[in-house]
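Readers should treat all values here as calculations from the given coordinates under stated rules, not as data from a laboratory. The model shown is predicted, which means the values in this text are computed figures rather than measured ones. When we count neighbours, we look across all protein chains shown, and the Cβ atoms used for this are built from the backbone with ideal geometry, even at glycine.
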Amino acid sequence: MTDHQDHDLPPSLKDFDPYTPEFRADPYPEYARIRDLGGPVHWDYLDSYVVSGHADASAVLADPRLLLRPPAPVAELLATIVPESLRSMNQTLLFQDPPDHTRLRNLTRRPFASPRLQGVLADAREAADRILGEALRRGGLEVVDDLAFPVSLQAIGDLLGIPREDLPQLRDWGQAMSPAADIPADPGSIERAVEAFEAFDAYIGRLAERRRADPGDDLFSSLLEAEREGLLSRDELHANVILIFISGHETLVAFTASAVLTFLRHPDQLALLRARPELAATAAEEVMRYESPLQLATAGGGRWTAEDIEVGGRVIPADSRVLTFIGAANRDPAVYADPDRFDITRSGARHLALGHGLHYCLGAALAKQQGTLMMEALAAWPVALESESVERPRWLPLFMQRRLAELPVTVTPLG
């Protein structure tokens, strides 16, 4: 890391702890305190600069002088800490800068904008409607396991071309891997991630053999063809398929559960959505802003300054790590009027829940359209919702992700 002694350090966040029960329940008052400190803030605990305001966060995420690859001394240190098998995940889009990032992004982006996506989304909406109909007959459901996971897994699995019967096993591996990307990661999560990655990697190898013999109209087959043409390596293929699968459903799982919880807490907004279902797309954007599924950019280590840069009136020295607090930026009163108010008619300023700049979320179209279909399904669901978990919901013990562990709800027919 860089020696900061010759630089004017901003206010310290050495007492900041994102793993307290209070922060997990409601991080936004603490984010407001951090924003009030002004500009990038030196976080002694991780020897990093923190950016929490919307303008500064947007600038950092779009600045090509901030790299995903750490400087050589840090990379060498990480190589002694991160298990060898997990290091292959460094070949994903999450850890690549141009030109490799450009090459990989061009190879993976097309299916997310292809006509196939509309069929995938139509099937996902049908699945959501079926699940909600069954819940009405039963009188309730657990939102995370009964709705969010099945619909989100089906959508990304269909886009990739993964057999639906394999999705539950892949879900388990993905859930074991994700906590290892937190900042900082719990040591025990690394061991679980290694075991899950090795199983997932072996599965991708077996699926690749089947797809080479019988290719389909899906993202996985497209990437296999790119591998055959020498446009990406075997390790790049495996790592990016795993990344796309995990990130492609986890964001929507977090979104769906947070959306239901937020509407339970704001019944006036649910009534408005039902009265004006054309607000579904705007409502999806507001949920992402209000309860950002990802609170921190970027998973696994933040970004690194390639040279001295100025952000928010302060100089951040070269080879420094910068952490961007997305959850804080999306509640910035300098950009959003009354930012702590949930308002599905809100429009204008773009939230940062799906990133910004060169590394803007590859699956943004899928996330936004699937979020919209979930809002449409919720608007058309003729039920009254109640949950004993509204006041004290159980969140996963993570900083990077903001996702409910569970959300049981009871449903009764309207009218």
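Key figures for this structure:
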quantity	calculated
Approximate spin-label separation H266-R164, in nm, with each point projected 7 Å along Cα-to-Cβ	3.3
Expected 222 nm ellipticity per residue - DSSP helices of 4 or more, -39500 (n - 2.57), all of the chain, to 500	-15500 deg cm²/dmol
Given charges at beta-carbon only (K, R positive; D, E negative), |dipole| of segment 71-112 in Debye	340
Under-5 Å amide H pairs with E386, H placed in peptide plane, nonlocal only	T410
Amide hydrogen neighbours beyond the local backbone of V315, cut-off 5 Å, H modeled	none
Read-out semi-axes √(5λ) of the Cα gyration tensor in Å, derived from the coordinates shown; its label in (1) 33, 29, 19; (2) 51, 36, 17; (3) 44, 26, 18	(1)
Whole-angstrom gap from segment 305-343 to segment 283-298, using each part's C-alpha centre	15
Nonlocal amide H pairs with H356, under 5 Å, H built at 1.01 Å	C361
Segment 21-413, dipole about Cα centre (Lys/Arg Cβ +1, Asp/Glu Cβ -1), debye to the nearest 20	700
